[in-house]
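Values quoted throughout were computed directly from the atomic coordinates according to the rules given, and no laboratory measurement underlies them. Nothing here was measured: the structure is a model prediction, and the numbers come from that model. Cβ placement follows ideal geometry from the backbone for every residue including glycine, while neighbour counts extend to all protein chains displayed.
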Amino acid sequence: MEKLTYEFQGGTFSRPKNEAKLVGVVGSGNLEVLIEPADLQGRCVVEVLTAARGFGAIWQAVIADFFARYPLADARVSINDVGATPAVVSLRLDQAAEDFLGDAQ
Amino acid sequence: MSSYYEASARERLQNLLDPGSFQEFLPPSARAQSPHLLQLETPAAFDDGVIVGTATLGGAKVLAAAQEGGFMGGAVGEVHGAKIVGLLERALDERPAAVLLLVESGGVRLHEANAGLIAVSEIMRAVLALRSAGVPVFVLDGGQFGCFGGMGIVARLCDAVIISEEGRLGLSGPEVIETTCGVEEFDSRDRALVWRTVGGKHRYLLGEAKEIVADDIAAFRAAALALLDAKPDLSLDALAAEHEALGRRIERFGSAADATDIWRAMGLENPEKIPVLEADDFRAATAGRRL
């Protein structure tokens, strides 16, 4: 198991009053993503707990791409992963962001 | 039509209960996670694989729990079990119209061994306390992992089981039986055999499931709604009659080698065709014949 943390500055999607949203399931090849509003001085913090060690560089790339699509601010993204592929991770992140932001993106 | 089998535990709750009425206790953001799994270097789910909360069903207040089979096969760990026990004990205080258990579980989570076993025994005790206080507990069983082990016992302690053909109910699961008794005794990869033996139709015919529905969340909802007004008979006479019926059942069918033998002995026509019938046709074909 490995714990990875990424931080992003300069996000513009701030939703301090939105409800936390969870998507996905902690099962083989799958992951759960929880997005919550958090007072982080404008930052977006992504915390990953993954069963597979040694994939930090790939996580960094996938999450940086996600932040480019959804520049969240004052948000905590927490992930529990059981070896999901990068494509599945991207889809789950997008699904969670869409749920969290709601229609008023 | 929205498949119960394919849905996640959260989707089931959302579509089964009155729209927008569900309020979760200990939501994922509360991070009530298993401490054991993290010690074992295994990722743990934020809700420990079970969602508990309050809602309305047809306007009536209910409490509900839904196990997520996708996380460790819905197995009961310490926190997971405590959430269900807490919900049942809350029902004792709040007296809702019913408690719904959307069970999908292989039983005790082996990583947490004794803590999981104790949790299951606490669930059993809480179910019985609640029933004796007059609050009915209903089980909905139609998920991918079925309802086995400790949760299989829990299900049969409840007032009624609503099952789909896809649902399975038992004590030891097919793989456990094969591992302990050998493939000659039970071939867990023979899906037709598995469903004939532990599947929804057989459980319904044996009287262990009160209702059988199509694999549709709306059908589960309608069946749960219909049960809300039922008043269970908890008298000693009813219990004695149940025991007698179980005794007759083992006498009549104890030597049967296969579920089809039992169906034939029950007087069902074309027992070999039973597995291919849709829920409605199946109910019609077996009307008045089940135990």
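Given R₀ = 22 Å, FRET efficiency for B:Ser2-B:Ala60 by Cβ-Cβ distance, to 0.05?
Numbers: r = 22 Å, r/R0 = 0.99.
About 0.50, to the nearest 0.05.
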Next on the checklist: Please report Rg (one decimal) and Dmax (integer) in Å for the Cα set of region A:2-104.
Outcome noted: 12.5, 37
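In cubic angstrom, how much convex hull volume per residue do the alpha carbon atoms of the protein assembly as shown span?
Normalising the Cα hull of the protein assembly as shown by residue number yields 152 Å³.
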Next on the checklist: Give me, ordered by chain and number, the residues 5 or more places off B:Phe25 or on other chains with an amide H under 5 Å from its own placed amide H.
Outcome noted: B:Val52, B:Gly53, B:Thr54
Checklist entry - If you find the alpha carbon centre of region B:236-291 and of region B:1-50, how far apart are they in angstrom? => result 35
Checklist entry - Cross-link partners among lysines for B:Lys273, C-alpha distance below 27 Å, same-chain residues fewer than 8 apart left out? => result B:Lys201, B:Lys210
Checklist entry - Among B:Gly142, B:Gly134, B:Gly267, which one shows the biggest mean-square fluctuation in a GNM of chain B, springs joining Cα atoms closer than 10 Å? => result B:Gly267
Checklist entry - R0 = 41 Å: FRET efficiency of B:Asp18 with B:Arg125, Cβ-based, nearest 0.05? => result 0.85
Next on the checklist: What does DSSP give for region A:2-104 in terms of the percent of beta bridges that are antiparallel, rounded to the nearest 5?
Outcome noted: 65
Item to check | 0 to 90° range, to nearest 10: angle between helix A:86-101 axis and chain A longest Cα axis | outcome: 20
Checklist entry - If r is the Cβ-Cβ distance from B:Ala192 to B:Ala284 and R0 is 25 Å, what FRET efficiency results, to the nearest 0.05? => result 0.65
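Counting only trypsin sites (Lys or Arg not before Pro) that sit in a DSSP loop (anything but H, G, I, E, B) with at most 14 other Cβ atoms within 10 Å, what is the longest stretch of chain B containing none of them?
Result for the longest clean stretch: B:32-188.
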Checklist entry - If you count the DSSP beta bridges with both ends in the protein assembly as shown, what percent of them are antiparallel, to the nearest 5? => result 50
Checklist entry - How large is the dipole of region A:45-105 about the Cα centre if only Lys and Arg carry +1 and Asp and Glu carry -1, each at its Cβ, rounded to the nearest 20 debye? => result 260
Next on the checklist: Taking 8 Å as the Cα distance limit and 6 or more residues as the minimum spacing, I'd like the relative contact order of chain A as a percentage.
Outcome noted: 40
Item to check | Pair B:Thr180, B:Ala245: separation of 7 Å Cα→Cβ label points (nm) | outcome: 2.7
Item to check | Amide H contacts of B:Gly146 (H built 1.01 Å from N, under 5 Å, at least 5 apart or other chain) | outcome: B:Ser105, B:Arg168
Checklist entry - So which GluC sites (Glu not before Pro) in region B:96-184 are both in a DSSP loop and have at most 15 other Cβ atoms within 10 Å of their Cβ? => result B:Glu184
Checklist entry - Distance from the Cα centre of region B:148-194 to that of region A:7-61, in angstrom? => result 38
